[in-house]
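Worksheet for the structure shown next.
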Amino acid sequence: MMESSGGLYLNTAAVASPVGVARLLQVAFGCTTFSLVAHQGGFSAAYGTFCMFVWCFCFAVTIFIITCEFTHLHSCLSISWGNFTAAFAMLATLMSITAAVIYPLYFAQFGCYSISCKVRDFRIAASVFAGLLFIAYAVEVFLTRAKPGQVTSYMATVSGLLKIVQAFVACIIFGALVNDSQYSNYVATQWCVAVYSFCFVVTVVVVAFNVTGRTAMLRCPFERFVVIYTFVAILMYVSAAVIWPVFCFDSKYGSPWRPYQCSQGKCPWDSQLVIAIFTYVNLVLYIVDLAYSQRIRFVSHP
C-alpha cells in the first residue's frame, strides 16, 4: 500500500490562476492563428514564414511552460524559472505584435480581387486572432511584472524587461543592416555596426546569466555590472546616434532625401532610415534602463 507523500503532484494554480488563464488563452489563440493560416489563409515569402515561425514557436514554448508548472517539472530544471518565464513572456509579446502587424499588412485585404473570398476571410480571421494572441502575452507581462517594493526575479523588473526589448530592437537594426544598408562604405558606419553588435551580445549575455541562474559566477556584484554596462552602452549608442545620420543623410556622404530611382523594398536609403530611427529608440531604452537599474534589488534565485 502506497503512503501519501503529503504533497500534490499537479499544480492546479498553473492553469487556474490569472497568469495560468492568460497562458491557456495564448495556447488557444496561437493554435487558432497558425491553423487558420496553414489551412486556408496561406503565407509566402520571408514575411509569411516569419509570422508562422513566431506563432509556432510561441505556442510550443507556452505549452512547455504550462506543462512544467502543472506537473512541477520546472523544479527539476537547472534554470531560474521565474527569470525564464518573465523573459519569454516579454519576448513573445514583442514577436507576436510584430507578426500581428506584418501578416495583415502583407496578406489581409478586404476585397476579393486577387484571391478568393474564402481565403480573404481566413486571412482576416487569422489577423484578428494574431492580435488577440499579442494581447494575451501582454496581459501576462502585466500580471507578472515586478511591483514597487516587491522582491522578485530580475527579468520581471522594468530593467529586465527592457533588456529583452533592447535585444529585439537590435535584431531589427541587424535586419536593416543586411538589407543593402551600405554600412561598409565608411569606417564610421562600421563603428556603428560594432556598437550595435557589442551591446546586443552583452545584453543577451545578461539575460542568459539570469535565466540560467549563473549571476553568482561574476567577480563583481551583478547589479553593479548591469549599471556599468548600461552606462557604457548609452555612451556607445550616443556616438552611433550622431555618426550614423551624418554619414548616411548628410549630402557630403549620402542623401538627405530618398533617391527617386530607389525601388520599393530594395532601397539602401530606407534601410539607413530604419537603422537611424531604431538607434534612437534603443538609446532611449538604455537611458530608461539606467534610471531603473539603480533602484532595483537583485535576487538571483526567486
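Which of Phe59, Phe70, Phe29 ends up with the largest GNM mean-square fluctuation for the chain, with Cα atoms connected below 10 Å?
Phe70
With the alpha-carbon atoms as the only input, what is the per residue convex hull volume for region 149-302 in Å³?
111
Hey, with R₀ at 30 Å, roughly what FRET efficiency would Ser17 and Val204 work out to, going by the Cβ-Cβ distance, to 0.05?
0.50
Using the Kyte-Doolittle scale, find the helices of the chain whose mean hydropathy is at least 1.6 and whose Cα atoms extend 15 Å or more along the helix's long axis, counting only whole DSSP H runs.
Correct list, ordered by number: 45-71, 158-177, 187-211, 222-249.
With only alpha-carbon atoms counted, please give the Rg and Dmax of region 11-144, in Å.
In order Rg, Dmax, the Cα atoms of region 11-144 give 15.9, 55 Å.
What residues qualify as long-range amide H neighbours of Thr157, i.e. H under 5 Å apart, gap of 5 or more or another chain, H built at 1.01 Å from N?
Ala146
Over the chain, what relative contact order in percent results from Cα pairs under 8 Å that are six or more residues apart?
About 22 percent, as a whole number.
Taking only Cα atoms and a 10 Å spring cutoff, compute GNM fluctuations for the chain and point out the largest among Cys112, Cys56, Cys192.
Per the Cα network of the chain with a 10 Å cutoff, Cys112 tops the list.
Work out the FRET efficiency for Leu105 and Gln40 from their Cβ-Cβ distance, taking R0 = 25 Å, and round it to the nearest 0.05.
Once rounded, the FRET efficiency stands at 0.85.
Bear in mind these aren't lab numbers, they're just calculated from the coordinates by the rules spelled out. The structure presented is a predicted model; accordingly, all values stated were derived computationally and were not measured. Don't worry about glycine lacking a Cβ; one is built from the backbone with ideal geometry, like all the others, and counts go over all protein chains shown.
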